[in-house]
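Asker: This is the structure I have questions about; it appears just below.
The values are calculated or read from the model by the stated rules, or taken from the named source; none is laboratory data. Predicted, not measured: the structure shown is a model, and the values here were computed from it. Cβ: placed from backbone, ideal geometry, glycine included. Neighbour counts: every protein chain shown. SASA here: full protein model, heavy atoms, side chains in, ligands and nucleic acids out. Shrake-Rupley method; radii C 1.70, N 1.55, O 1.52, S 1.80 Å.
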Amino acid sequence: IAKNIDLKTEIRRMCQEKKAIIMAHYYTQGAIQEVADFVGDSLALAQKAATTDADIIVMCGVHFMGETNKILCPDKKVLTPDLNASCSLAESCPTDAFKAFVEAHPNHTVVSYVNTTAATKALTDVVVTSSNAQQIVESFPKDTPIIFGPDRNLGGYINRITGRKMLLWDGACHVHDRFSVDKIMTLKAEHPHAKVLAHPECKAEVLDIADKVGSTSALLKYCITNEAQEFIVVTESGILHEMQKGAPHKTFIPAPPDSDACACNECEHMKLITMEKLYNCLKYEYPEIEVDEAIAAQAVKPIERMLAISK
Ligand code: 13P
Ligand code: SF4
């Protein structure tokens, strides 16, 4: 890339020329969120993909998000700036092992978090995101036997708030699973008026001390509308960009993870998406997300079921 190039201007120009839309998750770098046409949580990104009339979708997020877009829009070109942007939660649920788990529990409804591969979604009855998991689980009669995968923390949280006894797959997100109650309590002592905001992928003991548990968009809405001026944010720190933008005079304190050895509350997969890679991706229309047709034909059903319930 030539040194004097203004990446943001060039990226926007190519979007117009190619009738492309850039979609970004809240965990991506601030510059990516600023250049995107649409920034959202996992549910909003899937809803947007289902309705866009763009010819090309550039998904700035992790691989399963691009796959979801491709499954919903098989005739569109779906690009992503770095195919290596995977997700530890999706990886904690290998398809073969999950298939064996499902087969070992016949007559169960299979509810899968959107953070799964297309192949795992193909084994699923209905997909959920952290925005609609409670609503979708509660749409089934109370005695329905349910398998919930792959996030044990989100599944455990939904079990607690709904009184269900869903069977949980033992997966987790490496970023959310490592937040520490002790460190949050230390921050709380230093900022006694701060509200604690936590994503439901965090461990139960972290969720127990939170003032608000919710998806990225729910946490965002809460901090903008709540009268508190300080917030301790227990999720991936990329969300602070949009929080600070929505409430410029409020203070947002990113919660530290458990170990000092890992000083980072960032998802390294999301951070693989850079402006340079986005520029090249649009310019060369590469790399492209591909999903096997037979898998996509199965995986589209539970995704569409989710979208129909969350309208
Ligand atoms: P949201 O659905 O809240 O955007 O979360 C996605 C995600 O990857 C959380 O780690
Ligand atoms: Fe996956 Fe965790 Fe990164 Fe979200 S934060 S994309 S769940 S690894």
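Asker: Can you name every one of the helices (runs of 4 or more DSSP H) wholly within the range 191-295 that holds 2 or more residues which are free of Cβ contacts under 8 Å to residues at least 60 places away in the same chain and among the aliphatic types (A, V, I, L, M)?
Answerer: Hits in the range 191-295: 204-208, 216-225, 239-246.
Asker: While we're on this one: Go through the range 77-91 and report how many residues are surrounded by 21 or more Cβ atoms within 10 Å (Cβ to Cβ) and over 13 Å from the mean Cα position of the chain (by Cα).
Answerer: 4
Asker: Quick one: is GLU34 open to solvent by 10 Å² or more (accessible area, probe 1.4 Å), free of Cβ contacts under 8 Å to residues at least 60 places away in the same chain and not in a strand (DSSP E or B)?
Answerer: So GLU34 passes the test.
Asker: Being within 14 Å of ligand 1 (Cβ to nearest atom) and in a helix (DSSP H, G or I) is the filter here, so list the residues in the range 156-179 that pass it.
Answerer: Once the filter is applied, which keeps residues that are within 14 Å of ligand 1 (Cβ to nearest atom) and in a helix (DSSP H, G or I), the range 156-179 yields TYR157, ILE158, HIS176, ASP177, ARG178.
Asker: Next question. Tally the residues that are part of a helix (DSSP H, G or I), open to solvent by 10 Å² or more (accessible area, probe 1.4 Å) and under 22 Å from HIS174 (Cα atoms), restricting the search to the range 102-134.
Answerer: So the count comes out to 1.
Residue-wise test of (1) within 16 Å of ligand 2 (Cβ to nearest atom); (2) open to solvent by 30 Å² or more (accessible area, probe 1.4 Å); (3) modelled with pLDDT under 95.
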{"position": "ALA172", "(1), (2), (3)": "yes, no, no"}
{"position": "ARG178", "(1), (2), (3)": "yes, yes, yes"}
{"position": "ASP208", "(1), (2), (3)": "no, yes, no"}
{"position": "GLU227", "(1), (2), (3)": "no, yes, no"}
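Asker: State whether the residues of the range 45-63 include one that is under 16 Å from ILE273 (Cβ atoms), open to solvent by 50 Å² or more (accessible area, probe 1.4 Å) and not in a helix (DSSP H, G or I).
Answerer: Within the range 45-63, none of the residues are under 16 Å from ILE273 (Cβ atoms), open to solvent by 50 Å² or more (accessible area, probe 1.4 Å) and not in a helix (DSSP H, G or I).
Asker: Further question on the same structure: Do we have any residue at all in the range 44-60 that's over 29 Å from ALA218 (Cβ atoms) and of a type in the set (A, V, I, L, M, F, W, C)?
Answerer: yes
Asker: Scan the range 135-154 for residues that are part of a helix (DSSP H, G or I) and either without any contact (Cβ under 8 Å) to a residue 40 or more places away in the chain or surrounded by fewer than 24 Cβ atoms within 10 Å (Cβ to Cβ) (or both) and report the count.
Answerer: Summing the residues that are part of a helix (DSSP H, G or I) and either without any contact (Cβ under 8 Å) to a residue 40 or more places away in the chain or surrounded by fewer than 24 Cβ atoms within 10 Å (Cβ to Cβ) (or both) in the range 135-154 gives 5.
Asker: Here's something else I'd like to know. Regarding THR144, is this residue polar (S, T, N, Q) and under 23 Å from the mean Cα position of the chain (by Cα)?
Answerer: no
Asker: Let me ask something else about it. Can you tell me which residues in the range 180-206 are surrounded by fewer than 16 Cβ atoms within 10 Å (Cβ to Cβ) and either touching a His at 6+ places or on another chain (Cβ under 9 Å) or among the small types (Gly, Ala, Ser) (or both)?
Answerer: Hits for the range 180-206 are ALA189, ALA204.
Asker: Can you tell me how many residues within the range 278-301 are more than 30 Å from SER112 (Cα to Cα) and surrounded by fewer than 19 Cβ atoms within 10 Å (Cβ to Cβ)?
Answerer: Looking only at that region, the number is 4.
Asker: Of all residues in the range 242-277, which are open to solvent by 50 Å² or more (accessible area, probe 1.4 Å) and farther than 28 Å from ALA204 by Cβ?
Answerer: Selection gives GLN244, LYS245, PRO248, HIS249, LEU272, GLU276, LYS277.
Asker: So if I check each of LYS165, LYS99, which one is of a type in the set (Lys, Arg) and either in contact with a His (Cβ under 7 Å, 6 or more places away or on another chain) or free of Cβ contacts under 8 Å to residues at least 24 places away in the same chain (or both)?
Answerer: None of the others qualify; the one that does is LYS165.
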